[in-house]
Structures are given as structure tokens and as C-alpha cells.
Amino acid sequence: MATVPGDILFYVVLVAPGFIAVMTAVSLAAVEDEISQFVLLIWSLVSSIIIDGLFLAGYQLVYNPIGSYEELRTFLFDPFFRVDLIALIFLLSGVIGVAYAVGILVDLPGRLRRTLQAKAHITYNPRQPWENFMKGSGSIRIKTSDDELYAGNVVEWSRAGKPKEVRVKHPYRYSLEEEEYEWVGGESMLFLEDDIDRILLRKGDGRESFWARVRSRLSRDSSAAEENEGEDDD
């Protein structure tokens, strides 16, 4: 029979991995949305169940089946403290956290949502118009609150309901005298919410993301392999 401190340690080992996985995902994916403590708790507990289930399935596959709750409660500490197994649990939680982060970065929830809403009459998007607009922007023109016109390539922008701010690289200002854009000077320029009156998209961001480049590369390799197989058949 495990002691009371042993019981507490057992439950900590089973519950903590979910919190580690969720916080790893939030950190790596740079999630800025205000997530309630209740939602984080639910996701952490669900993640703990997934991680513990995967670990126990692997343990029983490699070692012996666990036949009772008492055996489940003591196998990490009896006959000795199994540091290797506990380390494996936390390693698995880190892997799950990285998988969560990748899913967020490639917008897996958005892809699933668009698939489900493909034939719907009404679609819903939790993103804000500001973020949707800035996400695909390459070169923009900014009309400021003092009626000046600036142009430049988007480098950074604020998200998740924060004050609207955008930083452009190689900024140019429109000169009424010369009737053309002139370089302001400096590497970049930051526009705060009070400075911005209107933004016009001049050119979309044509750069592919890392994952898009990976998919393109895999597609090219697959096409090349099929062509080589066709030549070999001939």
C-alpha cells in the first residue's frame, strides 16, 4: 500500500504532463489570445489523459500488463523509484506539446473549420479583421491621422485584440511637392494606433511559409519520382 505522500506524488506525475504539454504549446506557438484559466485547465487534464494513456499502452506492450488499480498506483515507486519511467512520461508530454504547437502554427484548427464550413451558408471566423488583413499583407500604404501617406513592406503587426500597431521596413513618405514617394530614412518605422487612419494593401505577401515550402518540395519530389518510374517502365 502506498503512503499518503506516495499517493500525492503519483497523482502529480499523472496530472502534471498535461500542463507541461499545454504550456509548451502556448510558449512555442506564441499564443497571444486571452485564454481563460478554465479552458487551460480542461485542455491540460485532457492532455494528461492522452499522455498517460499512451504511456501506459507502451508500458504494457513492452513490460507486463497492469492488472489492478493497486498495481497501477505503485508501479512507478515499487520496488524502487522509477526515474526512467517518470522521465519518459515528461518527455512524452514535451513531444505532445510540440505537436500541439505545430498544429497551431500551421493553422490546423482553421483548416478543419474551413473544411466543415465549406458548404455552409454562414461561416464563422474567430480571427479579427485587423489580423486577417495584416496576415497576408506584403506592401501597404498608410494614411496617418495628420493626413500624411507612407508606404513600406510589413514586418510586424499586433494581434489578439491589442492596440493596432504595425512596423514597416524601408518606409517611404509621399511628397506633395515632388508628387512621388521619398525614402524617410532608417531601416523601419513603427505606426501606433493613434497614428493610423487608414491602410491600403498595395501588394500581398508572396513569400511562402516554411510549411508551404515543405509541401511544395514534397510535391516536386513525388512528381519527379513518378516521372522516373514512367521512364523506367518505358
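The values are calculated or read from the model by the stated rules, or taken from the named source; none is laboratory data. Since this is a predicted model, take the numbers as computed values, not measurements. For neighbour counting, all protein chains shown are included, and Cβ atoms are generated from backbone atoms with ideal geometry for every residue, glycine included. For the accessible areas, the whole protein counts, side chains as well, though only heavy atoms, and no ligand, DNA or RNA atoms are used. Shrake-Rupley method; radii C 1.70, N 1.55, O 1.52, S 1.80 Å.
Only one of the numbered conditions (1) open to solvent by 100 Å² or more (accessible area, probe 1.4 Å); (2) at pLDDT below 90; (3) closer than 24 Å to Gly136 by Cα is violated by Tyr181, and that is (1).
Candidates Lys169, Lys203, Lys162, Lys143: the one that is among the charged types (D, E, K, R), touching a strand residue (DSSP E or B) at 6+ places or on another chain (Cβ under 6 Å) and modelled with pLDDT under 85 is Lys203. Would it be correct to say that Leu76 is of a type outside the set (Val, Ile, Thr) and in a helix (DSSP H, G or I)? In short, no.
On the given criteria, is Phe80 open to solvent by 70 Å² or more (accessible area, probe 1.4 Å) and touching a residue at least 60 places away in the same chain (Cβ under 8 Å)? No. Restricted to the range 26-56, and to residues there that are exposed (fewer than 10 other Cβ atoms within 10 Å of the Cβ) and part of a helix (DSSP H, G or I), the residue that is modelled with the highest pLDDT is Phe38. Within this structure, Tyr150 passes the test of being among the hydroxyl-bearing types (Ser, Thr, Tyr), in contact with a strand residue (DSSP E or B) (Cβ under 9 Å, 6 or more places away or on another chain) and modelled with pLDDT of 90 or more.
Checked against the criterion of being under 22 Å from the mean Cα position of the chain (by Cα) and free of Cβ contacts under 8 Å to residues at least 12 places away in the same chain, the candidates Glu165, Glu156, Glu178 yield just one match: Glu156. Return a yes/no flag: does the range 64-73 have any residue that is among the small types (Gly, Ala, Ser) and at pLDDT 90 or above. No, because not a single residue in the range 64-73 is among the small types (Gly, Ala, Ser) and at pLDDT 90 or above.
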